[in-house]
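Just so it is clear, none of the values below were taken in a lab; they were calculated from the coordinates. In this text, all values refer to a predicted model and were calculated from it rather than measured experimentally. Counting neighbours? That spans all protein chains shown, and the Cβs are built from the backbone with ideal geometry, glycine included.
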Amino acid sequence: MTTLSADRRRSLRIALALTGLSVVLGACNTTEIVTQTVPTDYRQRHPIAVQEGRKSIVIFVGKSRGGLSAAQHADVAGIARDWVREGTGSVVVDVPVDTANARAVAGPCGLWPEDVGPSILDPGYTENRPYFNLGCASQRNFAAMIDNPADLEQPRAETPAYTARRDIAFERYRKGTTTATTYPESDKAKLSDTGR
């Protein structure tokens, strides 16, 4: 009999100890559920800010040139159109003095300032960085193929639409005929009728 009551007391103590421990640990959890910290309206969550910014173009003008090329004239006219439509500040023109004609160039290739193989003496080998000469030949070839170096600085301005062709296409569309251009000479260039 005494062993039964001793076992019950021991089980009661363990149950009380576990209950007390769970109450104490449960009190440590103080996470609060906060609602409505983020606005529900997308215009408040992601507002659109209007800021004044600078816009610039680069025009390569060589020595003793009589005027601007057609593409350069289009660039200047494009930025002037944009300034008339939305400009609020002043226009600043920087003119270089005694410059040669511009051309795209890239640095010399074949420079190997470091050994590319594994070396205990090179602490940068384990940093997994590309070697010094990587991409040099691609950049030199790309620079050699550039027709207009200004294309590397900024995109070209849009040219006006070819309205004569556009009017023909719209008229055909209104009539319900095909708007594709037909090429009667293209059939003459075929070598055989195989596959027809």
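Extending 7 Å from Cα along the Cβ direction at V92 and again at L68 yields two label points whose distance is 1.9 nm.
For V116 and T159, FRET efficiency with R0 = 41 Å and r from the beta-carbon atoms, rounded to 0.05? Don't jump to the answer; show the numbers that get you there.
Details: r = 47 Å, r/R0 = 1.15.
So, using R0 = 41 Å, E works out to roughly 0.30.
Stretching L134 away from V76 to a fully extended chain increases their span by 17.2 nm, per 0.36 nm per residue minus the current alpha-carbon distance. Note down the net charge around T179, summing +1 for each Lys or Arg and -1 for each Asp or Glu among other residues with Cβ under 12 Å from its Cβ. It works out to a net charge of +3.
Applying the criteria of a DSSP loop state and at most 16 other Cβ atoms within 10 Å to the trypsin sites (Lys or Arg not before Pro) of segment 105-165 yields R156. Here the simple spin-label model places points 7 Å from the Cα toward Cβ, and for L16 and R172 these points are separated by 9.7 nm.
Mind listing which chymotrypsin sites (Phe, Trp or Tyr not before Pro) in segment 132-167 are in a DSSP loop and have 14 or fewer other Cβ atoms within 10 Å? Can you show the working numbers first?
Numbers: sites: F132, F142, Y162; in loops: F132, Y162.
Here the chymotrypsin sites (Phe, Trp or Tyr not before Pro) that fit, given the DSSP loop and packing criteria, are F132, Y162.
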